[in-house]
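Trainee: First the structure, which I've put down as structure tokens, then a few questions once you've had a look.
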Amino acid sequence: MKHLFIAAALLLATTATTAQTAANEQDRHDTALKRLDASLQHTLRTAQPQQMLSAVVSCTDAYRLADRIQADGHRATVITPNTITVRATAEYMRQLGQMTNVSFVQQSRQMQPMMDQARQMSNVDMVHAGSDLETPFTGKGVVVGVIDQGFEFRHVAFLDSLNESRVKWVWNRWGYGQGKDSEPTQKIPATGDGINSTAHATHVTGIAAGSRIAENDWYGVAPEADIIMIPSEFNSAEVLEDVRFIADKAREEGKPWVINMSFGSNAGPHDATDPTFSPIDDIITEQPGGMVVAALGNDGMGTYHAHHVFTAEADTMRLLGQPDGVGIMMDFWCQQTDSASHFSVKPFIYNNGTREYLDETIVSQIMVEEIAPYNGKHHITLTAPTSAVHSYGGYAMLGADIAAQPGIEIHAWTTANFGSFQDGPDASYIVPDKYFTVAEPASSMPHCVAVASYNSRVEYDNLNGQRQTSNYGDLGDISAFSNRGPVLHTTAQPTVAAPGSVVLSALSKYESGFSKTASYITDDVKRGLKHFYYGGYSGTSMATPQVTGAIALWLQANPALTHEQIHQILRESSLVPEGYDVDEYGWNPQWGYGKLNTYEGLKIALLMRSSLPTAINSLQGSRQPVTLMKHCRQWQVLLNNAEPWMRIDVTDLNGCLISSRTVADMNAGHEETIDFDGWRSGIYIVTITTASQRMSRKMALD
């Protein structure tokens, strides 16, 4: 009997130990699962073990974790000391959440893509040599990085006067049969990138940094900048690697840098906490001389945002979404940050005035839910393909009833190609709006520059002499497609507006279905047997490189500019047009701080250089001591460098001295004005002499 008791006790102890072990294992599994974002969990439910996935991993020791992952046979790239990107099998992704120094694993998010007259309207011609203004600032000595799709690597727009490529690096992981981890190269291909059906990247790069050519006037804002081109699939993990690469290469050469990102998505919390892109903010702030410029998005003609604050127990946020292209996505974010569940979503199909609520089996397939660990917000996403929604009827829409307690605040977004929100048939439905649509990645990076678009051109003639027109609004007004702020963090976004309507720039002949007779082609430049094309595109994608190029000029003038100073320049040099409401800082949710003014920004950058404790004494690549801004009855003389003295003489054609002045002890950014108001019509000679150089220019007064 005693032995039976002992055996029973041992059996109970073993059973208890086994149960405790199972419970501990379940706790570890649950903890590991919570470290994977809801989207990744959803993907892993159906992913094959060897299916390759990309993710962004937040961790406590990036270098140690990357070494471990690489030792396990997978790819890991350190972005910051607390962030890595990982490309690994689905089976390995499941294991990542169990690693002790891993805080959060987020599935890589997919983004999508969003001169002549455009340069004039942003005062860029005032920064290039020309009829209005002369200056040495052309982006020389600055690296312009472009992450995009649709490059023609050796387009004439990217060659210098000796026919040598200005492109210093290409990193094409994806094109023309290259392996998915192909290495960066300085051997510039004489092809396209092979991954995209558009010429988007070539057009964007041409706007930011296209070379001057004899055949047309559609050169870029920084036509002598170094260029790094990275063809991208626009998934977030890859973009982090791209930004890290460009910044590192520029810094290795001791050059300032600016990166153009003309792509985005409306998915995400819009509060600068998302680890998908927030590490880029850390790269911007690591040291002076670097900036990232991102497009605001092109969803301004639809309704992609909705907002509600619950005020009563029975209050419901009811919302309709119309599928578009791929499907419909509804991204709901509670604004409470206490890591608690605060709302529920009940999906339905709306068709012909009726609501059919979906059963739990379908809901489990289209809904993912999480408490986001990086901001403590309750988050639910509904995603359904167009075919599934329309199987209920050709005009069917996906709807949702959101329930929460009084005081709970919800923001909801959808994004282009994944539907738009629609007005409902009665007052029980929330009315969607066009605000809070600053796209990711811009809204995840408060230190970046976020760019809106205004209409610099509404018509142009194509190569066949046919007049092409746009329908994006009046000349000089905000473009109808341009997204709107604000954002859910403290930085004002958009930052600035730049020309983005039918901008003329370089195009790639390698785009799928390219035709030299297409209506948007404006020029066919022939060099021997080779043809290079130019044409007109519109979008915040086109506005963004205008700002990228302008910042390249400012960084040439002052390579030590910090991210705070670049934002200060934009605030002080931009101006919102009359008729728009602004806050106490001069900011508007459509325009940001107003229209880009490259010349005024240059002046501020030079003044900032002069105020440095150890001033930069000479301008890199300088060919003349001053920048001349020529108005019809007034010239402004801007000092590019500190000068001990400067004399300004004006004579007539007979050599008679009309006016003379001498100024001493001037810093870079000092400005003198020559006022011709009241002078007789005729030709005058303006001679500017400094301690090092002398230059003369004609002035014709009508």
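Trainee: Quote the accessible area belonging to LEU488 in square angstrom, nearest 10, computed with a 1.4 Å probe and with ligands, DNA and RNA left uncounted.
Mentor: Accessible area of LEU488: about 50 Å².
Trainee: Under 18 Å Cα to Cα from LYS168, which lysines show up? Leave out anything in the same chain fewer than 8 places away.
Mentor: Within the straight-line limit of under 18 Å, LYS168 reaches these lysines: LYS140, LYS187, LYS249, LYS255.
Trainee: Now, a different point. Take ASP581, ASP37, ASP524, ASP282 and sort them by solvent-accessible surface of the protein heavy atoms, 1.4 Å probe, largest at the top.
Mentor: Of ASP581, ASP37, ASP524, ASP282, the descending order of accessible area is ASP581, ASP282, ASP524, ASP37.
Trainee: How many angstrom lie between the Cα centre of segment 261-295 and the Cα centre of segment 499-538?
Mentor: Here the answer is 31 Å between Cα centres.
Trainee: Length gain on complete extension for the stretch ASP359 to GLN466, per 0.36 nm per residue less the alpha carbon to alpha carbon distance?
Mentor: Length gained, ASP359 through GLN466: 33.0 nm.
Trainee: On a 1.4 Å probe surface of the protein chains, which of THR490, THR383, THR205, THR651 comes out largest in accessible area, and what is the full order?
Mentor: My answer, sorted largest first, is THR490, THR383, THR651, THR205.
Trainee: Next question, about the same structure. Residue by residue, what Karplus-based ³J(HN,Hα) values in Hz, rounded to whole numbers, does segment 393-404 have, using 6.51, -1.76 and 1.60 with θ = phi - 60° and x for Gly and Pro?
Mentor: So the Karplus estimates, Gly and Pro as x, are x, x, 10, 5, 10, 8, x, 8, 9, 10, 10, 7 Hz.
Trainee: Please report the antiparallel percentage of DSSP beta bridges with both residues in segment 441-536, rounded to the nearest 5.
Mentor: Restricted to segment 441-536, the bridges split so that about 80 percent are antiparallel.
Trainee: Related question: Amide H of ILE658 versus every other amide H placed in the peptide plane: which residues, excluding those fewer than 5 positions away on the same chain, fall under 5 Å?
Mentor: VAL650, THR651, ASP652
Trainee: Rolling a 1.4 angstrom probe over the protein chains, ignoring ligands and nucleic acids, what is the accessible area of ARG647 in square angstrom, nearest 10?
Mentor: In the full protein context, ARG647 sits at about 80 Å².
Trainee: By how many nm would the segment from ALA518 to ALA480 grow when fully extended, if each residue of separation counts as 0.36 nm and the alpha-carbon distance is taken off?
Mentor: On the way: separation 38, 0.36 × 38 = 13.68 nm, distance 2.43 nm.
Gain in length upon complete extension: 11.3 nm.
Trainee: I'm spelling it out carefully: the read-out is Kirkwood radius over Cα pairs in Å, the candidates are (i) 29.6; (ii) 27.5; (iii) 28.4, and one was derived from this structure. Which label?
Mentor: (ii)
Trainee: Please arrange ARG68, ARG355, ARG109 by accessible surface area, largest first, computed with a 1.4 Å probe and ligands excluded.
Mentor: My answer, sorted largest first, is ARG68, ARG355, ARG109.
Trainee: Moving to a separate point now. List the residues whose amide H sits under 5 Å from the amide H of PHE263, counting only those 5 or more places along or on another chain, with H placed 1.01 Å from N in the peptide plane.
Mentor: For PHE263, the qualifying residues are MET114, ALA295.
Trainee: Once phi is turned into θ = phi - 60°, what whole-Hz ³J(HN,Hα) does the Karplus curve with 6.51, -1.76 and 1.60 give for every residue of segment 154-168, x standing for Gly and Pro?
Mentor: Residue by residue, segment 154-168 yields 10, 4, 4, 5, 10, 10, 8, 5, 9, 6, 8, 6, 8, 7, 8 Hz.
Trainee: Another question about this same structure. Output the relative contact order of segment 391-547, whole-number percent, from Cα pairs under 8 angstrom with separation of 6+ residues.
Mentor: Here the relative contact order equals 22 percent.
Trainee: For the chain, with every protein chain kept in place, what is the accessible area per residue (1.4 Å probe, Å²)?
Mentor: Value for the chain: 40 Å² per residue.
Trainee: Another one. Please list 682-691, 398-407 highest first by mean number of surrounding beta-carbon atoms within 10 Å per residue.
Mentor: Ranking the peptides 682-691, 398-407 by packing returns 398-407, 682-691.
Trainee: Under 5 Å between amide hydrogens, which residues at least 5 positions from VAL142 or on another chain qualify, with H placed 1.01 Å from N in the peptide plane?
Mentor: ASP226
Trainee: Put +1 on the Cβ of every Lys and Arg and -1 on every Asp and Glu Cβ in the chain; which of MET99, ILE283, ALA190 then has its Cα farthest towards the positive end of the dipole?
Mentor: ALA190
Trainee: Would you tell me the accessible area of SER611, worked out with a 1.4 angstrom probe on the heavy atoms of the protein chains, in Å² to the nearest 10?
Mentor: Roll a 1.4 Å probe over it and SER611 shows about 90 Å².
Trainee: Would you mind telling me the antiparallel percentage of the DSSP bridges in the chain, rounded to 5? Let's see the in-between values first.
Mentor: Working: 122 of 150 bridges.
The antiparallel proportion sits near 80 percent.
Trainee: In addition: Would you kindly state how much longer the chain becomes between GLN405 and THR191 on full extension, computed as 0.36 nm times their sequence separation minus their alpha carbon distance, in nm to one decimal? Walk me through the intermediate numbers first.
Mentor: Values: separation 214, 0.36 × 214 = 77.04 nm, distance 5.83 nm.
Additional length available on full extension: 71.2 nm.
Trainee: Given a 1.4 Å probe and every protein chain left where it sits, what share in percent of the accessible area of the chain is carbon and sulfur?
Mentor: Heavy-atom surface of the chain belonging to carbon and sulfur, 1.4 Å probe: 50 percent.
Trainee: Mind checking the dipole of the chain: about its Cα centre, +1 per Lys or Arg Cβ, -1 per Asp or Glu Cβ, Debye to the nearest 20?
Mentor: It works out to roughly 1720 debye.
Trainee: Through the Karplus equation 6.51 cos²θ - 1.76 cosθ + 1.60, θ set to phi - 60°, convert the phi angles of segment 327-336 into ³J(HN,Hα) values in whole Hz; use x for Gly and Pro.
Mentor: Computed from phi, the couplings for segment 327-336 are x, 10, 10, 10, 10, 9, 10, 6, 8, 6 Hz.
Trainee: Counting other Cβ atoms within 10 Å, which trypsin sites (Lys or Arg not before Pro) in segment 455-555 have at most 15 and lie in a DSSP loop?
Mentor: Counting only loop positions with at most 15 other Cβ atoms within 10 Å, the trypsin sites (Lys or Arg not before Pro) in segment 455-555 are LYS516.
The values are calculated or read from the model by the stated rules, or taken from the named source; none is laboratory data. Bear in mind that the values here come from a model prediction, so they are computed numbers and not experimental data. Cβ coordinates were reconstructed from backbone atoms using ideal geometry, including for glycine residues, and neighbour counts include every protein chain displayed. Surface areas here come from the heavy atoms of the whole protein model, side chains and all, with no ligands, DNA or RNA. Shrake-Rupley method; radii C 1.70, N 1.55, O 1.52, S 1.80 Å.
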